[in-house]
Amino acid sequence: MNFILKPWQLFFLILSGWVNRRQQEIIEFQNAQIQALIEKMGRKRILLTDNQRRALAVKGKALGRKTMMELTTIVTPDTILRWHRRLIAEKWDYSDRKRKAPGRPPVSDKVIQLVLRMAEENPTWGYDRIQGALANLGLHISDTTVGNILRQNGIEPVPERKHRTSWKTFLKAHWNSIAAVDFTTVEVWSRNGLITFHILVVMRLKTRHVKIAGVTESPNAEWVTQMARNLIDFEDGFLKDTGHLIVDRDSKFLPLRTYVEGMTETTVVLLLPKSPNLNAYLERFMRSLKSECFNRMIFFGRASLEKALREYAAHYHQERNHQGLENRIPFPAERVGTQSGEIHCSNRLGGMLRYYYRKVA
């Protein structure tokens, strides 16, 4: 039986042959390019990304191993097919899908971002300080959770330093009537260069109430005696009800000790030589004052120093959480702990001291 091709069939065969020949030429050209690349690379290993391996695995599987053996490839057909098998295995691998474990609910992204914000804006705040600031906003998480959040985000913790005194029983027995006094110093720029200013600070230990008693360039006997007179004034003196006053053995305090012992019934408690930890509460305030204020500012003239002291004292009393007071604010100016309302941030000293709160409706 004779088979006669129609004109359109003959045209289709000619076109198919031309297309096949054209595709073969393209494949040979691509093979030549790949071979030149391989020779150029020598024995160096070609490193591919996961996405590139995935693309080759999918396309290689579609061609099949026999077809790929006829092609020049930068990796062997067996390697491409192994990638494909691994791709299938990963699709059906459920080992990384953790079941929801019972226990505490996860911390929301909003809280995490707020913790990170507080830590970044306040580099001297530790876990407890951040926990207390969150509690002021009605957000209650543990200090351990705060630490975990910071570690997971690569933020180093603030070193925790705790002082223990050897006279804890004495402090508890006289807690309501104990005060402490001490000096600290700061360098201030003036027309004549740097001047050392002495700052006299007094604290009531139970409430952590602090009084900046005075600032002077020269704490001589006359000045110290006047400060003592102001502090024990019977009407509005900061120490008028004090039963015990913790005092350093520094000779600068001798006029103060003499005046207090002679004019009041307050008992002066002298610290042992070289024992600053026996005045731990006031020393802790001094450290906070320096790390959060003095060490971050340059003072020009007495007025700038006094303004900074007023601002820090207001922040310390009304906006700062105290670990020794169960992480509470001693004398809060705003209602804290509410869970509704927009979060606001007030700042002092150009943003170095911050306080987060919700406005009361």
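Can you spot a residue in the range 236-257 that is acidic (Asp, Glu), closer than 30 Å to Gln318 by Cβ and either free of Cβ contacts under 8 Å to residues at least 40 places away in the same chain or in the same structural domain as Leu305 (by TED's automatic domain parsing) (or both)? Checking the range 236-257: at least one residue is acidic (Asp, Glu), closer than 30 Å to Gln318 by Cβ and either free of Cβ contacts under 8 Å to residues at least 40 places away in the same chain or in the same structural domain as Leu305 (by TED's automatic domain parsing) (or both). In the range 106-142, the residue that is nearest to Arg287 (Cα to Cα) out of those that are among the polar types (S, T, N, Q) and surrounded by fewer than 17 Cβ atoms within 10 Å (Cβ to Cβ) is Thr124. Return the total of residues in the range 313-361 being among the polar types (S, T, N, Q) and modelled with pLDDT of 80 or more. Looking only at that region, the number is 6.
Residue count for the range 179-200 satisfying the condition of being surrounded by 15 or more Cβ atoms within 10 Å (Cβ to Cβ), farther than 14 Å from Ile232 by Cα and either in contact with a Ser or Thr (Cβ under 6 Å, 6 or more places away or on another chain) or hydrophobic (A, V, I, L, M, F, W, C) (or both): 8. Of all residues in the range 308-319, at least one satisfies being without any contact (Cβ under 8 Å) to a residue 40 or more places away in the chain, touching a Pro at 6+ places or on another chain (Cβ under 9 Å) and assigned to a loop (DSSP other than H, G, I, E, B). Among the residues examined, Ile212 qualifies as surrounded by fewer than 20 Cβ atoms within 10 Å (Cβ to Cβ), touching a helix residue (DSSP H, G or I) at 6+ places or on another chain (Cβ under 7 Å) and not in a loop (DSSP other than H, G, I, E, B). Being under 30 Å from Asp233 (Cα atoms) and either out of contact with any Ser or Thr (no Cβ under 9 Å at 6 or more places or on another chain) or surrounded by 15 or more Cβ atoms within 10 Å (Cβ to Cβ) (or both) is a condition met by at least one residue of the range 331-340.
Among the residues making up the range 226-282, those that are of a type in the set (D, E, K, R) and over 24 Å from Thr216 (Cα atoms) are Glu235, Asp241, Glu265, Lys274. Please verify whether Arg229 is at negative phi and basic (Lys, Arg), treating the condition exactly as stated. So Arg229 fits the description; yes. Would you confirm whether any residue within the range 259-267 is within 14 Å of Val201 (Cα to Cα), in a helix (DSSP H, G or I) and either modelled with pLDDT of 90 or more or over 28 Å from the mean Cα position of the chain (by Cα) (or both)? No, the conditions are met nowhere in the range 259-267.
The values are calculated or read from the model by the stated rules, or taken from the named source; none is laboratory data. What you see is a predicted model; the values in this text were computed from it and never measured. Cβ: placed from backbone, ideal geometry, glycine included. Neighbour counts: every protein chain shown.
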